[in-house]
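The values are calculated or read from the model by the stated rules, or taken from the named source; none is laboratory data. Predicted model, so just to flag it, every value in this text is computed and none were measured. Cβ placement follows ideal geometry from the backbone for every residue including glycine, while neighbour counts extend to all protein chains displayed.
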Amino acid sequence: MSSLPKDFDEANYLEANIDVAADVRSGLFKSGADHYEKFGQKENRPLRLGAIPINFDESEYLAANRDVALSVKDGTFKSGLEHYRKFGRQEHRSLSARSPLLQRRDMILAGLDLGTMHGMEIGALNSPLVSPNEGNVIFVDFADAATLRDNHKTNPGVNADAIVEVTAVWGERTLQECVGLDTKLDYVLASHVIEHVPDLITWLEEIYTVLKPSGSLRLAVPDRRYTFDYLRRESSIFDVIEARLRRARQPLPKAIMEHFGLYTEVNCQLAWKGALDPANLKPAYSIRTAMEIARSALESGAYIDTHCWVFTPESLATLCLQMADLDLIQFSCDYFFDTPRDNMEFYVSLKPGLNKKDILKSWESMKRELSRT
């Protein structure tokens with residue numbers, strides 16, 4: 001049954017949402033109506049130029065976005081509504097302090113029917129996005145639950161006792177072997193996992209093999225600009241290819257050294273305001289210490305958990321475009337959410353595909369839309 005409003009008009013919707021119009025032209029969506037039913041309604045997209053969400057309230061918007069309230073007060077914007085029309089919708093701003101426009105879980109799980117689908121979550125630990133009572137979900141990690149609980153028993157950020165039971169251990173065997181040679185999944189979830197994998201291309205390849213053609217890989221990815229990776233450069237296609245050629249099973253020494261040698265705690269809100277001076281940020285470890293950690297790992301074979309990859313939304317789109325052009329991946333960009341204001345992560349959904357032209361167009365579309373914000 002259609003969820004379109006009675007006054008929905010295709011031409012008006014595309015005129016008001018030029019990014020959607022571009023995606024329709026590229027074939028990512030069948031029509032503006034297709035986009036609206038899948039995402040537009042949740043995103044509070046305007047139905048026509050000049051339109052605003054029916055539940056927009058000026059005072060609620062300013063209460064939910066204190067920085068906007070200050071900008072209105074100092075005259076940068078005439079009103080919260082002006083800010084919302086220019087920037088707020090694209091930034092997925094909350095319309096109300098009591099009811100966020102889109103919750104994190106909504107952005108990751110958009111369009112998934114958990115009750116009927118068969119899925120997987122990688123690295124869920126104690127905070128699964130989908131609980132076993134919500135649907136048929138497999139939990140995969142690099143070790144069994146007992147080992148994970150022991151590893152995290154002194155980690156204040158993880159409730160070790162609440163770590164979910166691991167269905168399959170992925171490491172020595174391929175992911176397809178872990179879940180069963182005949183198993184094909186509707187979705188795979190990975191929150192803050194992709195940046196840790198030593199060989200990005202092989203990781204994506206193995207996930208591709210377990211997905212149905214209609215399936216999707218949903219990622220939550222830390223944005224370098226607002227995390228302890230602030231001083232690091234974004235990963236390049238050459239970094240990705242090197243790890244592939246080496247068939248890296250552990251973080252490479254360079255990644256370990258950069259992870260520790262450039263690790264610096266930052267205030268996310270200050271980073272968003274552009275108030276951080278890199279010259280005043282001191283890494284937590286010296287270069288010598290970072291070198292010794294990498295040397296020790298190389299000599300002992302110990303696995304050092306590391307951010308092997310560093311991304312922004314645009315750099316990830318660029319990498320995926322390059323990997324696809326080199327025939328290294330067969331994933332297109334299904335949809336994405338840019339890093340929300342005062343947050344430190346963004347969200348991307350990837351779909352398996354065989355049409356290289358369409359795959360390239362999808363990543364080009366993501367880059368184009370990001371360039372507008």
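Within region 141-167, the set of residues being small (Gly, Ala, Ser), in contact (Cβ under 8 Å) with a residue 12 or more places away in the chain and surrounded by fewer than 17 Cβ atoms within 10 Å (Cβ to Cβ) comprises Ala143, Ala160, Ala162.
Just one of the numbered conditions (1) at pLDDT 70 or above; (2) assigned to a loop (DSSP other than H, G, I, E, B); (3) over 16 Å from Gly88 (Cβ atoms) is not true of Pro46: (3).
Name the single residue that is surrounded by the fewest Cβ atoms within 10 Å (Cβ to Cβ) among those in region 204-232 being among the basic types (Lys, Arg) and within 18 Å of the chain's Cα centre (by Cα). Write out each step before concluding.
Taking region 204-232 as the starting set, the residues that turn out to be among the basic types (Lys, Arg) are 212, 218, 224-225, 232.
Among the residues that remain, those that are also within 18 Å of the chain's Cα centre (by Cα) are: 218, 224-225.
Details: Arg218: 24, Arg224: 23, Arg225: 18.
Residue satisfying both the conditions and the ranking: Arg225.
Condition first: of a type outside the set (Val, Ile, Thr), assigned to a helix (DSSP H, G or I) and either more than 16 Å from the chain's Cα centre (by Cα) or crowded, with 20+ Cβ neighbours inside 10 Å (or both). Can you find one or more residues in region 331-344 that meet it? Scanning region 331-344 turns up no residue that is of a type outside the set (Val, Ile, Thr), assigned to a helix (DSSP H, G or I) and either more than 16 Å from the chain's Cα centre (by Cα) or crowded, with 20+ Cβ neighbours inside 10 Å (or both).
The single condition among (1) in a helix (DSSP H, G or I); (2) in contact (Cβ under 8 Å) with a residue 12 or more places away in the chain; (3) not hydroxyl-bearing (Ser, Thr, Tyr) that Phe238 does not meet is (2).
Got at least one residue in region 325-335 being modelled with pLDDT under 95 and under 30 Å from Arg66 (Cα atoms)? Yes, region 325-335 has at least one match. Among all positions in region 296-309, there is no residue which is among the acidic types (Asp, Glu), closer than 15 Å to Glu195 by Cβ and surrounded by 19 or more Cβ atoms within 10 Å (Cβ to Cβ). Taking Glu364 as the residue in question, decide whether it is at pLDDT 95 or above, part of a helix (DSSP H, G or I) and farther than 22 Å from Asp34 by Cβ. Taking the combined requirement at face value, the residue does not satisfy it. Condition first: in a loop (DSSP other than H, G, I, E, B) and either aliphatic (A, V, I, L, M) or modelled with pLDDT of 70 or more (or both). Can you find one or more residues in region 11-27 that meet it? Among the residues of region 11-27, not one is in a loop (DSSP other than H, G, I, E, B) and either aliphatic (A, V, I, L, M) or modelled with pLDDT of 70 or more (or both), which makes the answer no.
Among the residues that make up region 268-288, is at least one of them modelled with pLDDT of 95 or more, of a type in the set (A, V, I, L, M, F, W, C), part of a helix (DSSP H, G or I) and buried (at least 18 other Cβ atoms within 10 Å of the Cβ)? Scanning region 268-288, I find no residue that is modelled with pLDDT of 95 or more, of a type in the set (A, V, I, L, M, F, W, C), part of a helix (DSSP H, G or I) and buried (at least 18 other Cβ atoms within 10 Å of the Cβ), so the answer is no. Considering region 131-166, the residues that are over 22 Å from Arg105 (Cα atoms) and part of a loop (DSSP other than H, G, I, E, B) include one that is modelled with the lowest pLDDT, namely Pro156. Selection over region 289-317 of residues that are touching a helix residue (DSSP H, G or I) at 6+ places or on another chain (Cβ under 8 Å) and free of Cβ contacts under 8 Å to residues at least 60 places away in the same chain gives a count of 13.
Just need a number here: residues in region 65-80 that are closer than 21 Å to Asn343 by Cα and of a type outside the set (Val, Ile, Thr). Lay out the reasoning, then the answer.
Start the filter on region 65-80 by keeping residues that are closer than 21 Å to Asn343 by Cα, which leaves 65-71, 80.
Pick out the ones that are also of a type outside the set (Val, Ile, Thr) and you get 65-67, 69-71, 80.
Qualifying residue count, region 65-80: 7.
With the condition kept exactly as written, say whether any residue in region 338-347 is modelled with pLDDT under 95 and β-branched (Val, Ile, Thr). There is at least one residue in region 338-347 that is modelled with pLDDT under 95 and β-branched (Val, Ile, Thr).
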